[in-house]
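Everything on this sheet refers to the single structure shown next.
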Amino acid sequence: MEEKVIYMLSAVAVGWAVTFALRALPFALFAGRGRNPPQGVERFGKVVSPVVIAGLVVYSYSTLDAGGGPAWLTPWPYLAGALTVALQLAFRNSLASIVAGTALYMSLLSFSGCSSLPDSIELDSRHPVLSISGSSVKFADRLVSFNKVPRLLKSYDVPYDRPIHILAEGDLHDLRPARQLMAVLCKAGYTRPVLVRERHTESMTVERDAHERGMRGSPMAPPPPERRR
């Protein structure tokens, strides 16, 4: 235990020293009256910030579909980005622009109408449609509330007697949120919620129903056959 504490304190100390040295280096090189930085350094300083911000923007939008769903087709990331850019051009206040854009993004994300869900889901433990980490639950990699999960399962016409696998993330040590989610599912009629930590079983793919996505939903594959005795 003491060795771990010493290791952690050493890592923090090294990180602090490196960060302090990098921040202090420009002042050490160009400090004092009459000592102006070279023109090349000044030009580089004017360019580096926009380049870094542009790289962060490209990286953020390039990972919208990392969860396997069509998140890049939904409008709210682009609306939040447009608001951030507009506020920055109008007021030149980076903090206000970022806070406003983030607030708009999270507000739109919290409404079900703005949430992008796939047309079909797989009901297996290799790709569990539900995952829980701490007090947050994800449905098809989208953050949702506990009470919304049964409505989403119903929108895909998931049978009530079908096993609903819930993946416990690696940092989940307190199982009370998982038990709460399982209680919500059982109360809604889904009698076979299963908490798993690994991904293994046969799968069943179902589509969303007509009311939710404007077309008729049907099972893509039947449930796995029962074993013969």
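The values are calculated or read from the model by the stated rules, or taken from the named source; none is laboratory data. Remember, predicted model here, so these are calculated numbers, not experimental data. All Cβ positions, glycine included, derive from the backbone under ideal geometry; neighbour counts span all protein chains shown.
Condition test on Val5, is it surrounded by 10 or more Cβ atoms within 10 Å (Cβ to Cβ) and not in a loop (DSSP other than H, G, I, E, B)? Walk me through it before giving the result.
Numbers: surrounded by 10 or more Cβ atoms within 10 Å (Cβ to Cβ): no; not in a loop (DSSP other than H, G, I, E, B): yes.
For Val5, the condition - surrounded by 10 or more Cβ atoms within 10 Å (Cβ to Cβ) and not in a loop (DSSP other than H, G, I, E, B) - is not met.
Return a yes/no flag: does segment 146-165 have any residue that is more than 18 Å from Glu122 (Cβ to Cβ), touching a helix residue (DSSP H, G or I) at 6+ places or on another chain (Cβ under 6 Å) and small (Gly, Ala, Ser).
No, that holds for no residue.
Per-residue answers, yes or no, for (1) over 26 Å from Tyr105 (Cβ atoms); (2) at pLDDT 85 or above; (3) in a loop (DSSP other than H, G, I, E, B):
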site: Leu143; (1), (2), (3): no, no, no
site: Val149; (1), (2), (3): no, yes, no
site: Lys154; (1), (2), (3): yes, yes, no
site: Val158; (1), (2), (3): yes, yes, yes
site: Asp171; (1), (2), (3): no, no, yes
site: Arg179; (1), (2), (3): yes, yes, no
site: Ala183; (1), (2), (3): yes, yes, no
site: Lys187; (1), (2), (3): yes, yes, no
site: Tyr190; (1), (2), (3): yes, yes, yes
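I'd like to check something: does segment 105-112 contain any residue that is assigned to a helix (DSSP H, G or I) and modelled with pLDDT of 85 or more? Spell out how you get there, then give the answer.
Taking segment 105-112 as the starting set, the residues that turn out to be assigned to a helix (DSSP H, G or I) are 105-110, 112.
Right, trim to modelled with pLDDT of 85 or more and you get none.
For segment 105-112, residues assigned to a helix (DSSP H, G or I) and modelled with pLDDT of 85 or more: absent.
If the Cβ limit is 6 Å and pairs must be 6+ apart or interchain, which residue in segment 156-174 that is touching a residue at least 12 places away in the same chain (Cβ under 8 Å) pairs with which residue that is charged (D, E, K, R) and surrounded by 12 or more Cβ atoms within 10 Å (Cβ to Cβ)?
Filtered contacts from segment 156-174: Tyr156/Arg208; Asp157/Asp209; Pro163/Arg192.
Just checking, which of Ala13, Ala31 is under 37 Å from the mean Cα position of the chain (by Cα) and farther than 26 Å from Arg92 by Cβ? Lay out the reasoning, then the answer.
Details: Ala31 fails: under 37 Å from the mean Cα position of the chain (by Cα).
It is Ala13.
Can you tell me which residue is farthest from the chain's Cα centre (by Cα) among those in segment 137-147 that are free of Cβ contacts under 8 Å to residues at least 40 places away in the same chain and surrounded by fewer than 16 Cβ atoms within 10 Å (Cβ to Cβ)? Break it down into steps so the answer makes sense when it comes.
First, pick out the residues of segment 137-147 that are free of Cβ contacts under 8 Å to residues at least 40 places away in the same chain: 138-139, 143-147.
Next, only the ones that are surrounded by fewer than 16 Cβ atoms within 10 Å (Cβ to Cβ) stay: 143, 145, 147.
Values: Leu143: 7, Ser145: 14, Asn147: 19 Å.
Result: Asn147.
For Ala100, all conditions in the list (1) part of a helix (DSSP H, G or I); (2) modelled with pLDDT under 85; (3) in contact with a Leu (Cβ under 7 Å, 6 or more places away or on another chain) hold save one; what is the number of the exception?
(2)
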